[in-house]
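Below is the structure I would like to discuss, written out as structure tokens.
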């Protein structure tokens, strides 16, 4: 199993541009999450999903959108990139059939908005 | 929002020393987890704790779920250079069926050979 994969690994955007961060997991996990990590600030939840077709806002959802059309994929969309969205983004997944609190993370996408 | 206070913020120790870090909150948590993040990588789960008072080991790592359910501790014995990284605690509040976690700010560990 590849686990949780994320693409791209790095990206530089200009202010106002849009992009989609991809996340895929092959563990058949129902639950998926998007976090952002700023230096010294830990992980902040952006959006999460408990299954295909179901998404909900986390702690810091403004400026982002998500969709969940399949169990495997959970893309994160930035519509109008702003410098405040410069961060490292992590996708994670977990399974309600095991321990739903044991989240497994992807390698991250480092995004710079200039 | 809810917060976890993790301390210390950073540590610089000599190889072979033992390390202790902790997480506290004003709220009661039902689950505590400890993650390690290597530079440029995603967090990796080290230990999960599910019951108050539980003490669990993973090699040289030992973690405890505090009796009050408001804190957790991680100890690393006989540190080695590959222990370098950021350690995060994470907790789950209440009986959420979404699996959502709250993360501490992290403890950065540096080990001098």
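Throughout, read-outs are computed from the coordinates displayed, never taken from laboratory work. Keep in mind the model is a prediction, meaning the values are calculated, not measured. Quick reminder, even Gly has a Cβ in these numbers, built from the backbone with ideal geometry, and neighbours come from all protein chains shown.
Return the Rg/Rh ratio of the protein assembly as shown with Cα-based radii and a Kirkwood Rh.
0.97
If you don't mind, there's one more thing I want to ask. Compute the Rg to Rh ratio over chain B from the alpha carbon atoms, using the Kirkwood formula for Rh, and round to two decimal places.
Rg/Rh for chain B comes to 0.96.
Which FRET efficiency, nearest 0.05, do residue B:26 and residue B:84 yield, Cβ-Cβ r, R0 25 Å?
So, using R0 = 25 Å, E works out to roughly 0.20.
If each residue of separation counts as 0.36 nm, what is the full-extension length gain between residue A:59 and residue A:27 once their alpha-carbon separation is subtracted?
Gain in length upon complete extension: 9.0 nm.
Then there is this: Take the Cβ-Cβ distance between residue B:13 and residue B:41 as r, set R0 to 22 Å, and report the resulting FRET efficiency rounded to the nearest 0.05.
0.55
Right, another one. Would you mind computing, in nm to one decimal, how far apart the modelled labels at residue B:93 and residue A:114 are, each placed 7 Å from Cα along Cα→Cβ?
3.9
Another one. Is there a simple number for the mean count of other chain Cβ atoms within 10 Å of the Cβ of residues in A:40-46, and what is it?
The shielding value for this peptide is 6.
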